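Before any comments, here is the structure.
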Amino acid sequence: MTVYLVGAGPGDPELITVRGLRLLQHADAVVYDELAPAELLAHVPADAVLVSRAGLRQEQINALLVSLGRSYPTVVRLKGGDPFLFGRGREESDALTAAGLDCEVVPGVSALTAVPAAAGIPLTHRGLASQITVVTGHTADDRQLDYRALAHTAGTLVVFMGIARLSALVAGLIAAGRAPDTPAAVISSGSTERQQTIIAPLHQIAAHADGVPSPALVIIGPTAALARDQQTLEPPVGVAAG
Ligand SMILES: C[S@@+](CC[C@H](N)C(=O)[O-])C[C@H]1O[C@@H](n2cnc3c(N)ncnc32)[C@H](O)[C@@H]1O
């Protein structure tokens with residue numbers, strides 16, 4: 001009996017790994033995230049147990065996985081992107097191991113690399129960026145980001161779960177010394193047919209990206225200016241073009 005924590009990839013159903021897809025095709029039970037592409041569920045055997053984790057707290061998900069892991073030979077926990085990148089994968093594997101169950105992590109293609117790539121943005125680029133800093137805009141204990149440190153990191157800053165607090169994030173970075181004209185991009189539903197890419201200088205990005213739906217990734221740094229196929233939006237009223 002094994003519970004597999006499988007990374008489903010960033011949104012495009014073709015971007016799951018071969019191993020992840022094979023496990024789905026042989027699963028007896030699947031617990032899936034909202035972020036995992038719904039199309040992948042078509043590969044699950046018709047008689048498998050399918051459970052959405054929507055509305056469940058982390059402890060409830062852990063308990064569900066333990067219970068399913070004790071009842072079925074092959075359980076897949078299908079998670080958006082990669083299970084170990086802002087995915088609480090280790091919390092789940094710890095709960096399973098503590099319950100005496102076997103658990104294997106099957107890495108996935110993370111939004112970290114796939115979403116900028118889908119928008120034509122390289123995270124590193126010779127002469128522009130040779131360093132990447134990855135943060136979450138939303139921490140479990142609601143702590144503020146270390147703006148002083150972030151404002152002075154070279155290269156590309158990638159912010160997960162940052163769209164809801166984008167104005168505060170931008171204000172914090174600029175107040176701490178980041179240049180207001182630093183290129184920035186917001187990519188919503190990257191790698192899917194709903195993908196939207198918005199680019200603007202840092203000081204205007206929050207206004208331009210207002211109302212953009214989740215999931216969205218924020219990229220700040222010189223390579224953001226290399227985005228392709230970005231949406232050409234009129235600047236919102238009160239925001240100067242530039
Ligand atoms: C809880 S984190 C999960 C990250 C995931 N484990 C990974 O490796 O991609 C969810 C955040 O990832 C980012 N994200 C995930 N999929 C995305 C997508 N298709 N387009 C843009 N951002 C995405 C967003 O910032 C979203 O709020």
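The values are calculated or read from the model by the stated rules, or taken from the named source; none is laboratory data. Keep in mind that this is a model prediction, so the values were computed, not measured. Methodologically, a virtual Cβ is constructed for each residue, glycine included, from the backbone with ideal geometry; neighbour enumeration extends over all protein chains shown.
Return the pairs, sorted by first residue and then second, in which the second residue is among the β-branched types (Val, Ile, Thr), the first residue lies in the stretch 111-128 and is away from the ligand (no atom under 16 Å from the Cβ), the beta carbons are less than 6 Å apart, and the residues are 6+ apart or on different chains.
Here the result reads PRO122/THR223; HIS125/THR223; LEU128/THR223, each pair linking the stretch 111-128 to a residue that is among the β-branched types (Val, Ile, Thr).
Going by the conditions given, is ALA154 over 16 Å from the mean Cα position of the chain (by Cα), hydrophobic (A, V, I, L, M, F, W, C) and exposed (fewer than 15 other Cβ atoms within 10 Å of the Cβ)?
yes
Of the numbered conditions (1) within 12 Å of the ligand (Cβ to nearest atom); (2) surrounded by 14 or more Cβ atoms within 10 Å (Cβ to Cβ); (3) polar (S, T, N, Q), GLN58 satisfies every one except a single condition; which is it?
The failed condition is (2).
Please find, among ASP102, ASP94, ASP141, the residue that is away from the ligand (no atom under 11 Å from the Cβ) and modelled with pLDDT under 95.
Of the residues listed, the single one that is away from the ligand (no atom under 11 Å from the Cβ) and modelled with pLDDT under 95 is ASP141.
Of everything in the stretch 72-110, what is touching a residue at least 40 places away in the same chain (Cβ under 8 Å), surrounded by 17 or more Cβ atoms within 10 Å (Cβ to Cβ) and more than 24 Å from GLU39 (Cβ to Cβ)? Give them in sequence order.
SER93, LEU96, LEU101, CYS103
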